[in-house]
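Laboratory data are not the source of any read-out in this text; all were calculated from the coordinates shown. The model shown is predicted, which means the values in this text are computed figures rather than measured ones. Here the Cβ positions follow ideal geometry from the backbone for every residue, glycine too, while neighbour counts run over all protein chains shown.
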Amino acid sequence: MNHLNYPPIENHGVIGNLQTVALVSTDGAIDFMCFPSFDSPSVFAALLDGEKGGRFQIAPLIAEARQKQLYLPDSNILLTRFLSADGVAEICDFMPVEPPWPGPCLLRQVKAIRGDLHFRLVCAPRFDYARATHSVESKKNEVVFRSAGPDRLALRLASSVPL
């Protein structure tokens with residue numbers, strides 16, 4: 001999806017951890033999230049400004065996919081499914097209330113359910129409402145984004161496969 005083609009608000013699911021929330025588009029993008037708490041500045045705000053707002057998108061590289069979102073029963077775990085003749089992909093998004101390590105986190109699990117699928121990942125945070133610059137430190141399976149803004153926030157993107 002073109003990042004300037006704003007999806008309607010009804011094409012978003014909501015995940016949260018009692019400290020903050022994220023809006024997840026049916027195209028696999030985190031289009032809005034303040035972090036680490038509700039009253040923090042945004043780090044992803046493509047919903048408001050597709051050029052400057054920042055986003056975190058994971059999407060399969062398949063043609064003419066239909067998208068569908070649903071929550072696992074009695075949970076705040078959001079599944080975004082991509083369905084096409086080439087295959088079926090699924091992204092599972094959630095924010096644990098009590099994460100297994102210190103600090104809040106957003107977890108995204110990506111699966112190819114059917115077919116030999118490849119995925120595209122774009123992680124473009126924009127700290128402090130896109131006013132603060134940031135540095136990027138890349139390693140084999142992780143990338144750390146560090147804000148130069150007043151809060152000196154750091155976001156860590158970790159993966160089980162090389163990035």
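The ellipsoid that matches the Cα gyration tensor of the stretch 58-163 has semi-axes, each √(5λ) in whole angstrom, of 28, 18, 13, with the longest given first. Taking other residues whose beta carbon is less than 15 angstrom from the beta carbon of ALA130, and scoring Lys, Arg as +1 and Asp, Glu as -1, yields -1. Summing Lys and Arg as +1 and Asp and Glu as -1 over all other residues whose Cβ lies under 9 Å from the Cβ of PHE44 gives a net charge of +1. Pull out a ≥ b ≥ c, the square roots of the eigenvalues of the alpha-carbon gyration tensor of the stretch 85-137, then state rounded if a/c is under 1.5, prolate if not and a/b is larger than b/c, and oblate in the remaining case. Oblate is the answer for the stretch 85-137, as a/c is 1.5 or above yet b/c matches or exceeds a/b. Our helix-only sum for the chain, with -39,500 (n - 2.57) per DSSP H run of n ≥ 4 divided by its residues, gives a mean residue ellipticity at 222 nm of -500 deg cm²/dmol.
From the Cα gyration tensor of the stretch 17-101, with a ≥ b ≥ c the square roots of its eigenvalues, which class applies: rounded if a/c is under 1.5, or else prolate if a/b is larger than b/c, or else oblate? Oblate. Multiplying the residue separation of ALA85 and LYS52 by 0.36 nm and removing their Cα-Cα distance gives an extension gain of 8.5 nm.
Here r is the Cβ-Cβ distance between VAL97 and SER160 and R0 is 35 Å; the resulting FRET efficiency, rounded to 0.05, is 0.95. Note on ARG81, ARG66: ascending count of other Cβ atoms within 10 Å places them as ARG66, ARG81, the fewest first. Taken about its Cα centre, the chain carries a charge dipole of about 380 debye when Lys and Arg each add +1 at the Cβ and Asp and Glu each add -1 at the Cβ. Shown is the FRET efficiency for THR133 and ASN5, computed with R0 = 41 Å from the Cβ-Cβ distance and rounded to the nearest 0.05: 0.90.
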